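This report concerns only the one structure given below.
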């Protein structure tokens, strides 16, 4: 399991409270940019997740294993969920030829000057 990412002064970035609420359009654009990196560039998408979410998902090796099983992901839509999160309608095309539909909520915050997905789960 990967350790949460640390800031330069060794304070976990998750320990820093969110600076402000984001507009829906900003959250939507960030979530769309996150999925645009996947599955081809998981090493670039990984830092877009807060350390607590990285650990919750089992670390980088689990993340790579999951995205290695996915041929493509389509973001069908992103809708507002509440003041800090959006709901994404996703379609995963798996390498084994199957598809999987998912409605997933994603919480997005600016944490210590960095935009991050701080929590997420299947709705």
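The values are calculated or read from the model by the stated rules, or taken from the named source; none is laboratory data. Bear in mind that the values here come from a model prediction, so they are computed numbers and not experimental data. Using ideal geometry, Cβ is built from the backbone for each residue, glycine included, and neighbour counts are taken over all protein chains shown.
Note on segment 65-123: among residues that are without any contact (Cβ under 8 Å) to a residue 12 or more places away in the chain and within 19 Å of residue 47 (Cα to Cα), the one that is surrounded by the most Cβ atoms within 10 Å (Cβ to Cβ) is 66.
Listed by first and then second residue, the pairs linking a residue in segment 35-58 that is under 16 Å from residue 121 (Cβ atoms) to a residue that is assigned to a helix (DSSP H, G or I) and modelled with pLDDT under 95, with Cβ atoms under 7 Å apart and 6 or more places separating them unless they lie on different chains, are 50/13; 50/14; 52/14.
The residue that is surrounded by the fewest Cβ atoms within 10 Å (Cβ to Cβ), counting only those in segment 34-48 that are closer than 15 Å to residue 109 by Cα and touching a helix residue (DSSP H, G or I) at 6+ places or on another chain (Cβ under 8 Å), is 48.
Here is the figure for segment 8-46: residues that are farther than 24 Å from residue 64 by Cβ and either at pLDDT below 50 or in contact with a strand residue (DSSP E or B) (Cβ under 7 Å, 6 or more places away or on another chain) (or both) total 13. Here 78, 73 are screened, and the one residue that is over 18 Å from residue 116 (Cα atoms) and either at pLDDT below 95 or over 11 Å from the mean Cα position of the chain (by Cα) (or both) is 73.
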